[in-house]
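A.B. asks: Starting off with a structure, shown below.
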Amino acid sequence: MADLQQLRFVAAADVYKTGRLAGRLERKPDGATAFTYDSRYMADGGPAVAVTLPVAEEPVVTASGGLPPFFAGLLPEGHRLTVLKDAVKTSLDDELSLLLAVGADVPGDVQVVPAGEDPVEPEPLADATRPGDLDFTELAAAVDLHALPGVQNKASASMLTAPLATRAARYILKLDPPRQPHLVENEAAHLAAARQLKLPVAKASVVTDRHGLPGLLVERFDRVADGDGWVRLAMEDAAQVMGLPPASKYNVDSEAVVKALAGACKAPAVAVRNLYLQFVYAWLTGNGDLHAKNASILAGRHGGFNIAPVYDVPCTLLYDDDTLALPVAGKLKKLRARHWAEFAETIGLPARAAQTANALALKASASVDLRALPFVGSPLNHAERELRHRRGELEG
C-alpha cells in the first residue's frame with residue numbers, strides 16, 4: 001500500500017491511446033489539473049483520446065483537483081472507489097491520484113500511468129478458470145488495480161465488481177450486494193432475455209465460489225484476444241460523451257443520451273433504433289438503472305463507433321424501485337404508449353420502426369419468468385402486476 005500512497009505526490013501522468021503516448025496530465029501549483037496532447041502524437045495524426053477531447057495544442061484545464069469528465073469517468077464507483085481512496089489515503093476529489101492507482105487498466109483503450117512509467121496492465125486478482133476454488137467475498141473486499149465499471153447508486157448501488165481473467169477472456173465478477181439479494185440471478189435472466197432484441201449483449205454466466213456464493217462472470221467486450229495479448233477497444237459511456245462528471249449520470253434525459261451517443265456513431269440511424277430498444281426493454285422489464293453510464297459506444301478494431309453491447313439490466317422493481325433512471329418524454333414513472341411514441345419522434349425513429357422495436361422488446365421481456373427467480377411475496381407480486389400493466393400499454 002505504501003506505493004499507492006506515494007501517488008499523491010506524483011506531479012504528472014502520461015496518457016496512452018492504444019499503446020501510443022498521446023498526452024500528459026499535470027498538477028498545477030493552484031490545484032488545477034491540465035491535459036495536453038503530446039506534440040509528436042499530434043504530428044503523427046493520432047486520434048482524439050476522447051470525443052470531448054479533440055486533438056488541439058491548447059491544454060484542457062480542470063480546477064480543484066478534478067479531471068476532465070472523460071478521465072473522471074474512468075474511475076470505479078461506490079464500494080470499490082471507497083476502498084481505493086482509503087488505500088491511497090487521499091480524498092475523493094483528488095481524482096488524479098485515484099486514477100494513477102488504476103489507470104493502467106481502465107474501460108476502453110486509454111491508459112494513464114505516472115510520467116515516465118511503461119503502461120503495463122496489472123495482473124488480475126484471480127484466475128477464473130476454476131471459480132469453485134475462489135472466495136468471492138475476499139475478492140470483493142480486496143484493493144485491485146483495475147478501474148472497471150463500479151457500483152451504481154440505485155438498485156445496483158452495492159453491486160460489487162472485481163476483475164478476473166482466464167486464458168481466453170477478460171471478465172468482471174459481480175456479486176450479490178447486501179441490500180439487493182439475488183441480483184446475480186436477476187441480471188443473468190434479463191441478460192439472457194435481452195438476446196431476443198437481436199442486439200449485441202454482454203456475455204455472462206453464473207458461477208459459484210467454494211462457499212456456494214453465486215457470482216455473475218461477465219466477459220469484457222472492450223478487450224479482444226490477439227494471439228498471446230489483447231487489443232483494447234475504445235469505449236465511452238454517455239456521461240463521458242456528453243462531457244458530464246460521473247455524479248451527473250442521472251441529471252440528463254433519455255433523449256439527450258440517445259442523441260449524444262448516436263451522434264458519435266458511424267451509423268446514427270442504426271444507433272438510434274438500438275438505443276430505443278434498450279430504453280423500452282428497460283421499462284418493460286422494470287430496470288430503473290439505465291442511466292448515462294449504463295449506455296455506451298464501442299469502437300471496432302478498425303475504428304468507428306457503434307452502440308456497445310447491452311449490459312447492467314436487472315429488474316429493480318423487485319427492490320421496490322418503480323421509476324426510470326432517466327426521464328422519457330419528461331416522465332420517470334406512469335408512462336403510457338403515447339410517451340414512447342413521443343420519445344421515438346424526438347430521437348428521430350420512424351413510427352413504424354418504433355412499432356417493430358416495441359414488438360421485439362415485448363417478446364424479449366415476456367420471456368423472463370420472475371417466478372423462476374428466488375423472489376417471493378410482496379416484491380414479486382408488485383413487480384409482476386406493474387410489468388403486466390406496462391406490457392399492456394404497448395400491446396394495446
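The values are calculated or read from the model by the stated rules, or taken from the named source; none is laboratory data. Everything numeric in this text was worked out from a predicted model, so none of it was measured. Ideal geometry is used to build each Cβ from the backbone, glycine not excepted, and the neighbour counts take in all protein chains shown. Note: areas computed on protein heavy atoms with side chains; ligands, DNA, RNA excluded. Shrake-Rupley method; radii C 1.70, N 1.55, O 1.52, S 1.80 Å.
A.B. asks: I want to make sure I understand the PRE zone here: with the label point 7 angstrom from the Cα of A353 toward its beta carbon, which residues in region 177-206 have backbone N atoms less than 19 Å away?
C.D. replies: Within reach of a label on A353: 197-200.
A.B. asks: Here is the link list: K85/K203; K28/K266; K17/K249. Which ones come out longer than 28 Å on Cα distance?
C.D. replies: K85/K203; K28/K266
A.B. asks: For a distance above 27 Å, tell me the whole-number percent of Cα pairs in the chain that qualify.
C.D. replies: 49
A.B. asks: So, one more: Quick one: if you stick a label point 7 Å off each Cα along the C-beta vector at L360 and H389, how many nm between them?
C.D. replies: Rounded to a tenth, the inter-label distance reads 2.8 nm.
A.B. asks: Round to the nearest 10 and give me the degree value, 0 to 90, for the angle of helix 78-88's Cα axis relative to the longest principal axis of the chain.
C.D. replies: 20
A.B. asks: Moving on. Label-point separation (nm) for D135 and L332, each offset 7 Å from Cα along Cα-to-Cβ?
C.D. replies: A separation of 4.0 nm, rounded to one decimal place.
A.B. asks: Continuing with the same structure: Please compute the length gained on full extension between L92 and D118, using 0.36 nm multiplied by the number of residues separating them and subtracting their Cα-Cα distance.
C.D. replies: Between L92 and D118, full extension yields an extra 6.8 nm.
A.B. asks: In terms of the ratio Rg/(2.2 N^0.38 Å) built on C-alpha atoms, what value belongs to region 333-389?
C.D. replies: 1.41
A.B. asks: Using a Förster distance of 30 angstrom, determine the FRET efficiency expected from the C-beta separation of A372 and A269, and round it to 0.05.
C.D. replies: With R0 = 30 Å, the Cβ-Cβ based efficiency is 0.25.
A.B. asks: Give me the three principal axis extents of region 68-155 from the C-alpha atoms, as integers in angstrom, largest value leading.
C.D. replies: 40, 33, 24 Å, listed from the longest principal axis down.
A.B. asks: Let me ask something else about it. What angle, in degrees between 0 and 90 and rounded to the nearest 10, separates the Cα long axis of helix 351-366 from the longest principal axis of the Cα atoms of the chain?
C.D. replies: Here the helix axis deviates by roughly 80 degrees.
A.B. asks: In nm, to one decimal, how far is the A43 label point from the V61 one, both placed 7 Å along Cα→Cβ?
C.D. replies: 2.6
A.B. asks: Once the piece of chain linking D322 and V231 is laid out straight, how much longer is it, given 0.36 nm per residue of separation minus the C-alpha distance between them?
C.D. replies: Result: 28.8 nm gained on full extension.
A.B. asks: List, largest first, the extents of the alpha carbons of region 37-87 along their principal axes, each in whole Å.
C.D. replies: 41, 21, 19
A.B. asks: For E117, what accessible area in Å² do you get when you roll a 1.4 Å probe over the heavy atoms of the protein chains, rounding to the nearest 10?
C.D. replies: Roll a 1.4 Å probe over it and E117 shows about 100 Å².
A.B. asks: What order do V51, V376, V252 take when sorted by accessible area (1.4 Å probe), most exposed first?
C.D. replies: V376, V51, V252
A.B. asks: Let me ask something else about it. Given the C-alpha centroids of region 5-63 and region 255-283, what is the distance between them in whole angstrom?
C.D. replies: Here the two parts' Cα centres lie 30 Å apart.
A.B. asks: Just subtract the alpha-carbon distance of Q5 and T208 from 0.36 nm times their residue separation and send over the number in nm, one decimal.
C.D. replies: Between Q5 and T208, full extension yields an extra 69.7 nm.
A.B. asks: Okay, moving on. Going from the alpha-carbon gyration tensor of region 1-83, what semi-axes, largest first and in whole Å, does one get by taking the root of 5 times each eigenvalue?
C.D. replies: Semi-axis lengths for region 1-83 are 24, 15, 13 Å.
A.B. asks: Highest first, please rank the peptides 366-373, 168-175 by the mean number of other Cβ atoms sitting within 10 Å of their residues.
C.D. replies: 168-175, 366-373
A.B. asks: What fraction, in whole percent, of alpha-carbon pairs in region 87-235 exceed 27 Å separation?
C.D. replies: The share of Cα pairs beyond 27 Å in region 87-235 comes to 25 percent.
A.B. asks: With the contact rule set at Cα under 8 Å and sequence spacing of 6 or more, what percent relative contact order holds for the chain?
C.D. replies: That works out to 14 percent.
A.B. asks: Averaged per residue, what accessible surface does region 1-89 expose to a 1.4 Å probe, in Å²?
C.D. replies: Heavy-atom accessible area per residue stands at 48 Å².
A.B. asks: Probe of 1.4 angstrom, ligands and nucleic acids ignored: what's the accessible area per residue over region 185-289, in square angstrom?
C.D. replies: Ligands and nucleic acids excluded, the figure is 36 Å² per residue.
A.B. asks: May I pose another question? How much space per residue, in cubic angstrom, does the convex hull of the C-alpha atoms of region 257-396 take up?
C.D. replies: It is 108 Å³ per residue.
A.B. asks: Test of understanding: express the Cα radius of gyration of region 162-273 as a ratio to 2.2 N^0.38 Å, with N the residue count.
C.D. replies: 1.26
A.B. asks: Now a separate question. Around Y37, with a cut-off of 15 angstrom between Cβ atoms, what is the net charge of the other residues, counting Lys and Arg +1 and Asp and Glu -1?
C.D. replies: Charge balance near Y37 sits at -2.
A.B. asks: Follow-up question, since we're still on this one. Can you compute the helix-only [θ] at 222 nm over the chain? Use -39500 (n - 2.57) per DSSP H run of at least 4 residues, normalise by all residues, nearest 500 deg cm²/dmol.
C.D. replies: -9500 deg cm²/dmol
A.B. asks: So how tilted is helix 268-284 from the main axis of the chain? Cα-based, degrees 0 to 90, rounded to 10.
C.D. replies: 60
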